[in-house]
1. Does at least one position in the range 314-325 carry a residue that is surrounded by 14 or more Cβ atoms within 10 Å (Cβ to Cβ) and acidic (Asp, Glu)?
2. Which members of the range 147-162 meet the condition of being within 17 Å of GLY81 (Cα to Cα) and assigned to a helix (DSSP H, G or I)?
3. Between TYR266, TYR292, TYR281, which is hydroxyl-bearing (Ser, Thr, Tyr) and either modelled with pLDDT of 90 or more or on the phi > 0 side of the Ramachandran plot (or both)?
4. Which helices (runs of 4 or more DSSP H) sit wholly inside the range 18-127 and have at least 1 residues that are under 19 Å from ALA240 (Cα atoms) and not aliphatic (A, V, I, L, M)?
5. Note down all Cβ pairs under 6 Å where the first residue falls in the range 92-112 and is in contact (Cβ under 8 Å) with a residue 24 or more places away in the chain, the second is surrounded by fewer than 19 Cβ atoms within 10 Å (Cβ to Cβ) and not hydrophobic (A, V, I, L, M, F, W, C), and they're at least six residues apart or on different chains.
6. Give all pairs with beta carbons closer than 6 Å in which a residue from the range 235-257 that is crowded, with 19+ Cβ neighbours inside 10 Å and assigned to a helix (DSSP H, G or I) meets a residue that is among the small types (Gly, Ala, Ser) and at pLDDT 90 or above; count only pairs at least 6 apart in sequence or on separate chains.
7. Do we have ALA98 as closer than 22 Å to ILE174 by Cβ, assigned by TED's automatic domain parsing to the domain that holds ALA59 and modelled with pLDDT of 90 or more here?
8. Could you say which residue among ASP97, ASP122, ASP93 is closer than 21 Å to LYS8 by Cβ, of a type in the set (D, E, K, R) and either out of contact with any Gly (no Cβ under 6 Å at 6 or more places or on another chain) or crowded, with 16+ Cβ neighbours inside 10 Å (or both)?
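The values are calculated or read from the model by the stated rules, or taken from the named source; none is laboratory data. This structure is a prediction, so every number in the text was calculated from the model and none was measured. Positions of Cβ are backbone-derived with ideal geometry, glycine not excepted, and every protein chain shown enters the neighbour counts.
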Amino acid sequence: MIINPTKKALPIFNKLVRVADKDQAKRFATANPFFSWHANYYSVNRKKIVILVNDLTYATVVLYNINAKNKTNLARFITDGIRAAFKIAGISDKDIDAYFAMAGKIELNVGFNRQVTGVIVDMIKMADAGRFIDYRELIQVDLMNLLMQTPYKQKDYIVAKEAVKRAFDKGLSIAENATELPETTYQVNKTWADYHQWDKYEENPALLEGDAAGYDRVVAEVQANNKLLLEEFKNYLTNAQGLSKKVVTKHVNNAKFFVNEFMAFYTIKTPLKSADDVLEYFSDWFPRKAAYSAAEIKTNAGSIKKFLTFMEVTGEISAENVKNAKEDIKDGVEMGIEYLQTINDMSAGW
């Protein structure tokens, strides 16, 4: 069984046995989410309260006052807490014993699923500091019961109690060859049309010269197709990358600006040409038209890198083109920041 704390929480778990191979453990956890738990903590009256959430079911364990002394017994407390969480869901001792037998020893990795860590953040807010804490108990069963009755959109609004029951009803198993599985089970749902139908307008811009209405019509067609592409990009970031809603929205909006505004600014280009134009975008166009700071340029660069990776996953852009484009992004960001600094220096001089 893998415990995946946030970097902030890692010192609390330093008495646990670390995994031998972080990447292999991550692949195992991705393939077997019922045997993987993410973790974080918050403090009440200077006492550390640890929250663990199961990757598959969102079953929740809350442990109060994990201090230096209690850290030495943390593996036992986690086991007892998981048992209590499953009992809340109505699971028998026999089935819980079978779970632990299959899960194996507790091992420590590092948090990687931002969707689950985002849920933990929401739970910390719901816990309302110390309002629901029973200061007499280490395992906070009442608070766990409350949190496990909360529905989440990511689980189709099925509460953790019901999700745990379903997981046990399905039967316990470990995915075979889990260490060889890819990090995600993302499957492309290609709802957008073939972009090659608009290649002729890029190859021969004269087709729309002097026809403003025709140009606007073609741009609208491409952008309507982009909308479908970006919706799948959103699904990819959420389901394959495990990113939070807030982070997903940021990346999608940045990619939308790139493909809808920049790619159609001078002539009609589709996202298939994204890899060809990132150097110009970050070195000149974006800092001139939209960027206010170096941090904004860097943030957008991160979004476009993810978008290019997505385009490779969908088969729209080759791996070689994506690799070269990411190098161009690196160079473009440096030039864009220099350009922005020059403009700022000139403005200050005036």
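1. Yes: the range 314-325 contains one or more residues that are surrounded by 14 or more Cβ atoms within 10 Å (Cβ to Cβ) and acidic (Asp, Glu).
2. Residues of the range 147-162 within 17 Å of GLY81 (Cα to Cα): 147-149, 160-161.
Scanning the range 147-162 gives LEU147, ALA160, LYS161.
3. Details: TYR266 fails: either modelled with pLDDT of 90 or more or on the phi > 0 side of the Ramachandran plot (or both); TYR292 fails: either modelled with pLDDT of 90 or more or on the phi > 0 side of the Ramachandran plot (or both).
Exactly one of TYR266, TYR292, TYR281 is hydroxyl-bearing (Ser, Thr, Tyr) and either modelled with pLDDT of 90 or more or on the phi > 0 side of the Ramachandran plot (or both), namely TYR281.
4. 22-31, 114-127
5. Final answer for the pair search is LEU108/ARG18; ASN109/LYS22; GLY111/THR6.
6. Here the result reads HIS251/SER303; ASN254/SER303; ALA255/SER303, each pair linking the range 235-257 to a residue that is among the small types (Gly, Ala, Ser) and at pLDDT 90 or above.
7. yes
8. Details: ASP97 fails: closer than 21 Å to LYS8 by Cβ; ASP93 fails: closer than 21 Å to LYS8 by Cβ.
So the residue among ASP97, ASP122, ASP93 that is closer than 21 Å to LYS8 by Cβ, of a type in the set (D, E, K, R) and either out of contact with any Gly (no Cβ under 6 Å at 6 or more places or on another chain) or crowded, with 16+ Cβ neighbours inside 10 Å (or both) is ASP122.
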